[in-house]
Amino acid sequence: MASLTVENYVKTIALIAARNEEEAAVSTGELAQALRVSPGTVTGMLKTLSEASLATYTPYEGARLTVSGQRLALKVIRRHRLLELFLARTLEMSWDEVHEEAEHMEHA
């Protein structure tokens, strides 16, 4: 089972990669900004993801998710979206509140 941090990294890589028009690697700077951490912290985690076969990391180029990493990212994103739907429809929370709450619950 992946840790909360690993899940956040693969999810963020997948979301940034989906926004890119070409299949460019996601840079450490983009990840650092999105996750609000230092580029050095990102580099360390990308090495960990690479060792776990969840991403391929090339220094000065960035990271791409492997098939396993994509699978994990999609699982986390799906869980997040289902939680948002549950919070909005069942608990009748407003849509401007559900994202942050789902962000905390998606790792449970």
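Values as computed for the structure displayed
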item	result
Pairs of Cα atoms farther than 15 Å apart, the range 13-76, %	46
Fraction of accessible area attributable to carbon and sulfur, the chain (%, probe 1.4 Å)	53
Angle between the chain longest axis and helix 67-89 axis [Cα atoms, degrees, rounded to 10]	20
Accessible area in the full protein assembly, largest first, 1.4 Å probe, for LEU87, LEU35, LEU15	LEU15, LEU35, LEU87
Cβ-placed point charges (K, R +1; D, E -1), dipole of the chain about Cα centre in debye, nearest 20	380
Extension reserve of the HIS107-ARG71 stretch, reckoned as 0.36 nm per residue once the Cα distance is removed	11.4 nm
Per residue accessible area of the range 11-73, 1.4 Å probe, in Å²	60
The chain: Cα Rg divided by the 2.2 N^0.38 Å rule of thumb	1.11
Alpha carbon centroid spacing (whole Å) that separates the range 88-107 from the range 8-80	24
Mean residue ellipticity (222 nm) of the chain, computed from DSSP H runs ≥ 4 via -39,500 (n - 2.57), nearest 500	-21500 deg cm²/dmol
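The values are calculated or read from the model by the stated rules, or taken from the named source; none is laboratory data. These numbers come from a predicted model, not from an experiment. FYI the Cβ positions are ideal-geometry reconstructions off the backbone, even for glycines, and counts take in every protein chain you see. These accessible areas exclude ligands, DNA and RNA; they are computed on the full protein's heavy atoms, side chains included. Shrake-Rupley method; radii C 1.70, N 1.55, O 1.52, S 1.80 Å.
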